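Each value in this text was obtained by applying a stated rule to the coordinates, not by laboratory testing. Quantities reported herein were computed from a predicted structural model and do not represent experimental measurements. As a convention, Cβ positions derive from the backbone with ideal geometry for all residues, glycine included, and neighbour counts pool all protein chains shown.
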C-alpha cells in the first residue's frame, strides 16, 4: 500500500525549479557547442538569403571552419583542466565538461570534419545527394532539377545540428539534457539518410525506417527517464547516483522502489543500445547504412557511434554506477548476443555497405565489453577504440564511394564485383586492406590496440568468458575481412568489373587521414592511450565535483 | 506491484473508454453514407483534389502543419516565461529573444525557399 | 626493460650484460631501420614525381645506413667484449593494464655483422639495379620494394624480442612476395610469388606457435628473458619450441622440406635473387637458429634435427644445381646447398655458430657476386637464362667473366679464397663433433664440396668456355659500369673477406659475447687447416668434381637441347620431385581432406534442417531471414529485446 499519499514526496520538492533565479552559465566552457550551433543557425540563414550558385562554397567553408574552431576550443579547454582532476559541470549541473567528454567531443569534431570532406565531394557537379529530395523519384520534376543542377546545400547545416547533438550527447549530465541531445542529433540524421542521389526510394525507405525505429527507441528512453525520476526524484546523474546509494528517494524508505529503478535502467539502456546498434536493437543499421548516402553513412558510423557510446558510458558509469551489479548481467547478455549474432550474420553478406554495417554492430559488441568492465581501464579502452574505429570506418566508406559500376554510375556495392581490384587499383585496394585488417584487429593497426585495451580491461574486471566470446567472434570477423582482401588481391577481375573513379582531393584526404590514423594509432598508441583518463595524483585537492572513473557528475 | 496498482487501474480505464466508445458508436450510431461523408475531412474546407496515383496528400500540407507546430511550441515556451518574467529578468529576456530569433530564422528559411507558396 | 637480465650465452655461459646505449650512434640505432623505410614510403607515396631521382634516393639511404652501422661497429669495438651487447629502447609500443610491449633493438656483434652485410651488399645491389632496371617503367616501385625489404630485414636482425623479430620476418616475406611477383605480367612470376607466399606461411606458423609457446612458458618474449629461463622450460617444451623454430627457419631459408619455393622465386628480377634469395633473407633462418642458440642447447634432439636437415639440404641442393640448365635456378640450388652448410653448422652448437655466421657472410658476398654476374650475362644475352645457349662469353664480357670466375673460385673452396676459409671451418666443426654423427655430417659436407665443384665448374664452362651456342641475333656485350662496379667490389670481397674474418680467429672472437664460445675453442692454425685430413679430402674432392665437370662439359660439345639423361639427372632436373612430394604429402591430402569436409559439411547442412547441427554459415543464412526489411519486424524485435533487457535486470530468481 502507498503510505502518505497526501504529502508530496520531499525529494520532488528538492528538485530545482525554474522560478528561483537566472542560472549562472560559463559560456566559455560551452563555447565549442555554441560555435557549432551558431554556425548551424547561420547556415540556415544562408539558405534563406544567399543565391543558390554561391551557397555550396559558403556552407562548406562555414561548416569546416565551425568544426575546426570548435575543435580548437575543445582542445583549449582540455588543457585548462588541472592535472589529476576530471573536470567540472555547468548550467546547474546539466552539462559535464570533463576529460572524457572533451576527448570524445574532439574526436567527433575531427571525424565530422573528415565526413564533411566526403559530403562535399562533387564530381562534375554531381554530389552524393539528391538534386531535390521533395520530388517524386523518377518523375519529370526530378529530372528537371537534376538537369538544372539543383543541390541540397541544407546538408551542411543539418550535419552541424547533428554534430551539435552528438557533442551534447557525450557531455549531458542529466537525463533531460541527454534526451534533447539525442533528438537534436537524430532528427537531422533521419533527414540526411533520405537524401541519396541514387536509388532514391531505397534511401527514403531507409530514412523512414530509421525515423520510426528511432522514435520507438526514444519512447523507451523517455519512459525509462520517467521511471528513474520517479525513483530518484531527480534527472541529474549525481542526484540519481546519490539516490541509488541511499536506496531511493525518501518516498521509498522501505526499499520498495527498486523495480522502478531497474526497469528505468533497462528502458534507458534500450534507448542507448539502439543508438549504438547492439543486438537485438541493431536491425536498423544494415538497412540504414545501405540506403543512406555513403558520406552520411560514414558520419553515422563514426561520429554517431562515438556520441552514443559516450552517452552509454556516462550513464552507466556515473548515474547507474552504484548499481553496477544489477546491470552487469544485462550488458553481458547484450554484449554476447551482439558479438556472436552480428559476426555470424556478417559472414554471408554480399554488399559491402551492409557488411560494414554488421561490422559496426560487432565492434559495438566489443566496446560493450569495456562498459561491462566498469573501470577506468575500460573507459580508456573504449575511448581509444572509438577514436581508432572512427578513423578507420570513415576511410572504408570513403573507398566505397569511389568504386562504381561504371563511370558516372552508382556505387558498386556487390562484393562479387570487387574481385581483382587489387590488380587494377592497388593503392585503393591496399588502403581498404589496411582498414579491414584494422577491423580484424591485426597487430600494427589501431584496431589491435583498441581490442587489446578493451579485452584487457574486461579480463581485469573478471569478465573472462566475455573476452573468450569476443576473441572467438574476432576470429569469425577476421574470416570475412580477410575474404575481401583475398577477393581483391587473388581473384581474377570480374568480366564486368567495377570502375574505380579517381579520388578527388576531398575524398583522397579523407582516405589518407584514415590510413595515417589507422597506422599511427597502431604503431604509436601510447601518446593517446596513456592520457585518456586522469592519473590519480595523491597531492590533488578534493575535486570540486563528484567524479566516477574519470567522469564528473 | 502494489505501487503500480493505481497506474494499472488508470490504464485499464483509459483503454476501456476507447473500446467502449468505439463499440457503442458503431452499434448505436445510424449508418447513412453519402458522398460528402466519405470524403477526407480537411478542417471544414473543400477537400483538395488528390494527385493521380491516389490517396496521397501533397507535401505542402505537412510544411504548413510543421510551421504551425513550431509556433505552437513557441507559444508554450512563452507562457511560463511570461509568468516568471520578473524573476528571470534580463537573462530571461535575452534568452527568449534569442529563442524567437532562432524560430524566426527557421521561418525565414521556409518563407524564402517557397514553403509558403501554395502553387 | 631497460637493462636486461643476465644474458646466458650458449656453451660457456659468458655473462654478457646488455648495457645501455650511450652515444648518439648507438642510441639512435632505430635510424638504421627508419632510413630505408622512409625511402620506401617516399617512393611509394611520391608517385611519378619521384621517377627521376627516386632510385638514387633509394640507393643513398641503405648506403647511409651502412655508414651508420660502420660507425656503430667502431664504437662496439671500442668497448670491453663483455659489454658489447647493447639494448636500445626505442619506445614502448603500448602498455595496457600492466602489460607492456616494448620495441627494443639489440646491438651486439651478431646483429651488427648482419646489419653490415645487409646494408653493404644491399647498397651494392641497389647500385647494380640502377643499371639493370634502367629500362623498366616500374623502376621506382622496384626500388621502393627493395628499400622496404632492407628495412624489414634490419628489423628482423635488430629485434630484441621474438615478437619484433617476427614482425621483421613477416616484413621480409612481404617484400619477397612483392619482388618475386614484380613482373606480374608473367604468369609464372605471379604463380611463383604465390607459391613463395604460401610455403613461407607454413614456416611462419611454426615460428608464431613457437613464440606463443615461449610466452606461455616463460611469460616473456624478450631474448634475454627467454634465454635466461631455458633451464626452467622442461625438455619436452624446449624440444617443441626448437623444432617449431626450425620449421620457421626451413620456410625462410628454403631448407627441406620447405625448399620448393626458392627455385621458382628466380622469376623475380636478378638483383632480387642476389639480395633476397641469396645473400640476406634466405639466411634469416640461420640467424634465427644461431640467435636462439640457448634454446637449442637445452633441446639436443631439436639441435640434432637442425644439423640433419642442413646436411640433407646441402646434398639435395647440390644435386639440383648439377642438373639445372637455367643459370639462375642452378645458382638457386647452390644457395640451398650453401645454406644447408650453414644450417648444419648451426646445428652443431657453439662449435659451429661462428663457422655458420662466417660462411653466411662470405657466401653473401660471393653468391651475390655470382647472381649479379648471371644477371650481367642475361643482360647481354637478351634475358636468355638457358646455359645451353651461352658459351664462349669470356671474351665478350671480360669483366663479368673475371668477377664471376673469382666468385666461382670462392664458392668451390679454392684455397685462400673466402669460401675456402669459411667452408673449411664448417667441415672441421662437423668432424670435431663426437661419435658417428660427426663423421656422417662431416662426410656429407665433404661430399657437398665435391658436388659444389662439379656444378659450379659446369656452370662456368657452359657459360664462358666452349663454342658459341647463341641464338640468332644475340650480340653479347659488357654491362654498364653501374653494374660492373658492384660486381668488382663483391669479387674483391669474395677473394679476401674470408681470410680477414677467419685468419687469427678474429670473427669468432668478435662474435663470442653474443653466441658464446665452444668449451674447447677450435684451435686455429693455418698449418692445421692445410694439413688436416678433412681439409685435404675437401681439396681432393674439389679437384675431382671440377675435373669431372670439365671432362663432361668442357671437352665434349654441349648440345643446345638437353639430352634425355639418366634417372638421377631427370630427378635432379625435377628438383628431386620436391614439388611432387609436396603435392603428394601436403596438397593432395589437403584436397582430399577438403573434399571429405565438403561431404561432411553437406551432411551437416542436411542435419541442420533437422535441427541437429549448425555451421556458422548456415546460422548466418538463417539469421539473415530475420532481417526482413520491414520496419514492423524490426520494431517487434526491439520490443522483444526490450523484454529481454528488462528481464535480465528486473527478474530476480
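When both the stretch C:449-467 and the stretch A:391-457 are represented by their alpha-carbon centers, they are found 52 Å apart.
Among A:24, A:282, the ranking by other beta carbons within 10 Å of each residue's beta carbon, starting with the fewest, stands as A:24, A:282. The stretch C:31-95 and the stretch C:220-248 have Cα centres lying 30 Å from one another. Can you tell me how the stretch A:250-396 classifies by the Cα gyration tensor, rounded, prolate or oblate, using a/c under 1.5 as the rounded cut? Prolate.
If you line up the long axis of helix A:175-193 against the longest principal axis of chain A, both from Cα atoms, how many degrees apart are they, to the nearest 10? On a 0 to 90 degree scale, this one is about 10. Taking one quarter of the surface of the C-alpha convex hull of the stretch C:51-94 gives a mean projected area of 5.0 nm². Compute the distance from the alpha-carbon center of the stretch C:481-508 to that of the stretch C:403-429, in whole Å. Each part reduced to its Cα centre gives a spacing of 11 Å.
Label sites at residue A:406 and residue B:23, each approximated as a point 7 angstrom past Cα along Cα to Cβ, lie 6.4 nm apart. The calculated FRET efficiency for the pair residue C:101 and residue C:70, based on their C-beta separation and a Förster distance of 30 Å, comes to about 0.45.
To the nearest 500 deg cm²/dmol, what mean residue ellipticity at 222 nm is calculated for the protein assembly as shown from DSSP H runs of n ≥ 4 alone, each contributing -39,500 (n - 2.57), summed and divided by the residues?
Rounded to the nearest 500, it is -22500 deg cm²/dmol.
In summary, the stretch B:53-112 shows an alpha-carbon radius of gyration equal to 1.52 times the 2.2 N^0.38 Å reference for compact globular proteins.
Based on the Cβ-Cβ distance of residue C:440 and residue C:485, what FRET efficiency does E = 1/(1 + (r/R0)^6) give at R0 = 41 Å, to the nearest 0.05? After rounding, the FRET efficiency stands at 0.40. Could you check the spin-label model distance between residue A:58 and residue C:41? Points 7 Å from the Cα along Cα→Cβ, value in nm. Between residue A:58 and residue C:41, the label points sit 4.2 nm apart.
For peptide A:43-53, the mean count of partner chain Cβ atoms within 10 Å of a residue's Cβ comes to 3. In terms of other Cβ atoms within 10 Å, C:104, A:245, C:160, C:326 run from fewest to most in the order A:245, C:326, C:104, C:160. Using only Cα atoms, tell me the angle between helix A:426-440 and the longest principal axis of chain A; keep it within 0 to 90° and round to the nearest 10. The angle comes out near 30 degrees. Angle of helix A:505-523 to the longest C-alpha principal axis of chain A, folded into 0 to 90 degrees and rounded to 10: 50°. In plain terms, the residue of C:205, C:339, A:263, C:241 with the fewest other Cβ atoms within 10 Å comes first and the most crowded comes last, giving C:205, A:263, C:241, C:339. For residue A:499 and residue B:75, the FRET efficiency from 1/(1 + (r/R0)^6), where r spans their Cβ atoms and R0 equals 51 Å, is about 0.40. Partner shielding of C:620-633 amounts to 5, given as the average count of beta-carbon atoms from other chains within 10 Å of each residue beta-carbon.
For the stretch C:173-331, the fraction of alpha-carbon pairs lying more than 25 Å apart is 34 percent, rounded to a whole number. In a fully extended conformation the segment linking residue C:202 and residue C:216 would gain 2.9 nm over its present Cα-Cα distance, using 0.36 nm per residue.
Cα convex hull, the protein assembly as shown: 221 Å³ per residue, rounded to a whole number.
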